[in-house]
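The values are calculated or read from the model by the stated rules, or taken from the named source; none is laboratory data. Remember, predicted model here, so these are calculated numbers, not experimental data. Cβ sites come from the backbone with ideal geometry, for glycine too, and all protein chains shown count toward neighbours. Side chains included, ligands, DNA and RNA excluded: accessible areas come from the protein's heavy atoms. Shrake-Rupley method; radii C 1.70, N 1.55, O 1.52, S 1.80 Å.
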Amino acid sequence: MRKDVRILLVGEPKVGKTSLIMSLVSEEFPDEVPMRAEEITIPADVTPERVPTHIVDYSEAEQSDEQLYQEISKANVICIVYSVNNKNSIEQVTSRWIPLINDRMDKDSRVPLILVGNKSDLVEHSSMETILPIMNQYTEIETCVECSAKNLKNISELFYYAQKAVLHPTGPLYCPEEKEMKPACVKALTRIFKVTDLDNDGILNDAELNFFQRTCFNTPLAPQALEDVKNVVRKNMSDGVHDNGLTLKGFLFLHTLFIQRGRHETTWTVLRRFGYDDDLELTQDYLFPPLKIPPDCTTELNHNAYLFLQSLFDKHDQDRDCALSPDELKDLFKVFPYMPWGPDVNNTVCTNDHGWITYQGYLSQWTLTTYLDVQRCLEYLGYLGYSIISEQESQAAAITVTRDKKIDLQKKQTQRNVFRCNVIGMKGCGKSGFLQAFLGRNLMRQRQLREDHRSFYAISTTYVYGQEKYLLLHEVFTESELLSEADLSDADLACDVVCLVYDSSNTRSFEFCAKVFKQHFMDSKTPCMIVAAKSDLHEVKQQCSVSPLDFCRKHKMPPPQAFTCNTLEIPSKDIYTKLTTMAMYPHARLRCMCACNRCTFCLCQNLLNSDLLQSVKTKLYTAVLHRLEELCAALLAGEEEGSLGQQVHAVRSVEESVYMGSSLDTCVPSRPPPRHRHVTQADLKSSTFWLRASVGATVFAVLGFAMYRALLKQR
């Protein structure tokens, strides 16, 4: 909606322009009329359309032609006033005023015109017979109003129609010559019909019609009102109603009827509710609502957004094969002005044997778009009508902005669901194969892919400790053997894990990975993994100062992971699961022995190596050490020497049984001191028992928790 409306009154001298304005303001005919009324602003709360309105008068005696031209250029609607009892003023409408206004306006931005016949109190006949041919000749004329400033006849109606001509113009909607809606209006209403057709059966049933009515006009239709609407359509169109529901033809006919009967505001209310402006284009505010994204934060779809996308998939998957055929995908994107997904999408996400995007691939592509280009995602959701169907303020409600990555590292936990892995390696080492294998394609299927449809991204789901996460693989492409900062494009900050790929059958391949690691990632907090691709071929010794295995040991990385996609079966996802785990826990330096992260052994290993357990062990060690120091102090203050050796032996037994090799000899004096009279053998035995019980309970709880997680995952 416009923020305000500017109305300009023009016409021959003495036709009553100023009288009309003063009669509107004072609600009575003025005794003395000035040459020209000052600009008047009517507040929004007293206008029918709730929009501030500025009314501007023109006086040929007081204003120059240049001032007139300036006012014409600023006006939103122009009222050409004539006197119904003055034929000359009527003739001047076509001979002077309309040509003058059109000459000052662009053809594409002409303002609406309203013909105002004043002084109707002085004649008994109407001037409409003379005016109708003029209205038919000039399409920019919205309407004609006969009024009287003296009798206050149709004064408020005049300015209401002027407001309406600006806020609800006929021009973009309807062509009077052909007596039908314009193509742009038909296109917009067709999109609205498809968005509102929630089950995609081509019919708006009663529930969908009520949802549409409540969305646009904040009130549902009564059952009888619904039947009345459908009966009107039935009488005028044979195929307007089908299975007691409104078809697209019936929906368009209703709006044509509204426009022909002068109820443009009904159609405009619908169009503006669905995001259209005066030119029947979706507004920038609708497509791109404000969304603040701080640095080092990522964007993801939230639960409600995924539910909306799932309903869209089910709506268009007509054959229920959990995949979208080309025709089904085309039908899904009919509400777009262009096809948003190109053929490269089929090589970015999972597809079925026909090459059709599966349900998992469909959600993955939306996740990828949200992560890489959230503004484009907002635009796409706008075309699909997310804010309308989900009854949200805007598409921004579908987006979750994750917290700063630095905070995740400090807290050693993350709530993110999408993790990015940059795949780096020299040309021909197998990076593309590594990406396509993640989508379940072996080498045989990869050879069927077209080079011009190649994608540098691959995204799918993995499971880490029973949680579904998205892993986004990005192939960092470089033509040279040296990777520049531009090639990386802030890879250290943008990605969560780095995969360095080398060809195990190429002697010079690993050297490139070693250089990249030392140059960009050696001092980085981003975890790295080295992958030995083409492991089905004969492995050769790498021409590098250190072997890949020794290189990984030196830099505290997992050992090189063997990989091949030259298999008859679907490539294993174990290596991708491990990459996701490293991205989720970059601080933990996890070591999964079998790369599955799901078996009991891996759970125990990773839990025992975790920072949390190490912290517990340190605190327990400190507590026991403090207790032993107290016992030693008590022994030093004792008087009897006979049983000293037994007591020291008891202390050492506790130490060795708990810490397996840790030495606390520094707590034991080199010369036996006398025994304290209050420290008995029973005290030591009791302390030993409780220490053993505490340590045993801790170990039992840790192992029990790990086994519980493993069993839970299997279920």
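Across segment 101-217, the fraction of Cα-Cα pairs farther apart than 19 Å, rounded to a whole number, is 64%. Count Lys and Arg as plus one, Asp and Glu as minus one, and take only other residues whose Cβ is under 14 Å from that of ARG273; the net charge is then -2.
Loop-only trypsin sites (Lys or Arg not before Pro) in segment 520-550, please: DSSP not H, G, I, E or B, and at most 10 other Cβ atoms within 10 Å. If you can, show how the numbers build up before the last one.
Working: sites: LYS525, LYS534, LYS541; in loops: LYS525, LYS534, LYS541.
Hits after loop and neighbour filter: LYS541.
In terms of Cα to Cα distance under 18 Å, which lysines are near enough to LYS230, apart from those fewer than 8 places away along the same chain? Here the lysines satisfying the reach criterion relative to LYS230 are LYS249.
Output the pairs from LYS411/LYS534; LYS534/LYS578; LYS412/LYS573; LYS292/LYS469; LYS406/LYS469; LYS406/LYS556 with a Cα-Cα distance over 27 Å in this structure; if there are none, say none. Violating the 27 Å limit, Cα to Cα: LYS411/LYS534.
When the accessible area of segment 353-397 is split by element with a 1.4 Å probe, what percent falls to carbon and sulfur? Could the numbers behind the result be given before it?
Numbers: 650 of 1610 Å².
The nonpolar share, carbon plus sulfur, comes to 41 percent.
Counting only heavy atoms of the protein chains and using a 1.4 Å probe, LEU628 has close to 10 Å² of accessible surface. Here segment 139-194 has 53 percent of its accessible surface on carbon and sulfur atoms, given a 1.4 Å probe and all protein chains in place. Derived from the Cα gyration tensor, the three semi-axes of the equivalent ellipsoid of segment 135-189 are 28, 13, 7 Å, largest first. Modelled spin-label separation between MET35 and LYS541, with each label point placed 7 Å from Cα along the Cα-to-Cβ direction: 10.6 nm.
With a Förster radius of 30 Å, plug the Cβ-Cβ distance of ASP285 and SER26 into 1/(1 + (r/R0)^6) and report the FRET value to the nearest 0.05. Don't skip to the answer; put the middle values down first.
On the way: r = 39 Å, r/R0 = 1.29.
Using R0 = 30 Å, I get an efficiency of 0.20.
Post the alpha-carbon centroid distance, segment 285-359 to segment 378-411, in whole angstrom. Measuring centre to centre over Cα atoms gives 15 Å. Of all lysines in the structure, the ones whose alpha carbon falls short of 17 Å from that of LYS153, not counting any fewer than 8 places away in one chain, are LYS17, LYS119.
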